[in-house]
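Colleague: Before I ask anything, let me first share the structure, which is written out below as structure tokens.
The values are calculated or read from the model by the stated rules, or taken from the named source; none is laboratory data. Treat the numbers as computed from the prediction; the structure is a model and nothing was measured. Glycine also receives a Cβ, built like all others from the backbone with ideal geometry; neighbour counts cover every protein chain displayed. These area figures cover heavy atoms from the full protein model, side chains too; ligands, DNA and RNA do not enter into them. Shrake-Rupley method; radii C 1.70, N 1.55, O 1.52, S 1.80 Å.
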Amino acid sequence: MRICSLAVRGAGALVLAGALAGVPGGAVAHDQSQVRAQVSPTTAAPGGQVEVRVSGCRGTTGSAGSGAFTKDAELTGSGSGKTLSGSARVKAGLTGTYEITVICDGHPHQGVGTVQVGGGQDPATPQAPVRAGGGGTAHLQPTAAVAEETGPGTRHAVVGLVLAGAAAVAVALRSVRRHRAD
């Protein structure tokens, strides 16, 4: 009974020590308020490229991510409180304001900046028809006309059934004629 009680006390002490080890002290805590991120241009076009500049990181590398970016921007710089910088592409078809999260010095810093998306044309979407070969022989149609012709409709199905029925009747009649001839 005494051995069981010592084991329970020992386990409790280990759990308490582990919990206290995970809590950072005041001097160890990472100061989130020092890290700031800015993008250029201030209002990004959907599908466009932005430059991200981050201040307040002590290291020489990091990353900046946002829901507006196609992938995180890899940041590099001289470190020791200087500016880290990198570039990112904005997702096409977005508008609005998105928060930026920076990872540097081994810590994530959430909401240290924003990126405003909108106001520009999406460079991935052409503004006029693009002639891509064929010497201009292809006729240009509005996108609404192309969307209507995506597949066969009811009329096509009825015509196909009538033709299939006529073919079946022709085969049956030919079979009957051959059978009578024999």
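Colleague: For the range 39-69, give me each residue that is farther than 16 Å from GLU99 by Cβ and of a type in the set (S, T, N, Q).
Modeller: Within the range 39-69, SER40, GLN49, SER55, THR60, THR61 qualify.
Colleague: Picking from ALA64, ALA68, which residue would you name as being open to solvent by less than 80 Å² (accessible area, probe 1.4 Å), at pLDDT 90 or above, among the hydrophobic types (A, V, I, L, M, F, W, C) and touching a Ser or Thr at 6+ places or on another chain (Cβ under 8 Å)?
Modeller: The conditions single out ALA64.
Colleague: For GLY47, all conditions in the list (1) at positive phi; (2) out of contact with any strand residue (DSSP E or B) (no Cβ under 9 Å at 6 or more places or on another chain) hold save one; what is the number of the exception?
Modeller: Every condition holds for GLY47 apart from (2).
Colleague: I need the full set of residues from the range 44-60 which are open to solvent by 70 Å² or more (accessible area, probe 1.4 Å) and modelled with pLDDT of 90 or more, in order please.
Modeller: GLN49, GLU51, ARG53
Colleague: Does the range 12-30 contain at least one residue that is closer than 24 Å to LYS71 by Cα, outside any loop (DSSP other than H, G, I, E, B) and either open to solvent by less than 40 Å² (accessible area, probe 1.4 Å) or modelled with pLDDT under 90 (or both)? Please lay out each step first, then the result.
Modeller: As a first pass, look at the range 12-30 and keep what is closer than 24 Å to LYS71 by Cα: none.
For the range 12-30, residues closer than 24 Å to LYS71 by Cα, outside any loop (DSSP other than H, G, I, E, B) and either open to solvent by less than 40 Å² (accessible area, probe 1.4 Å) or modelled with pLDDT under 90 (or both): absent.
Colleague: Among the numbered criteria (1) over 17 Å from GLY111 (Cα atoms); (2) open to solvent by 60 Å² or more (accessible area, probe 1.4 Å); (3) modelled with pLDDT of 90 or more, which single criterion is violated by GLN38?
Modeller: (1)
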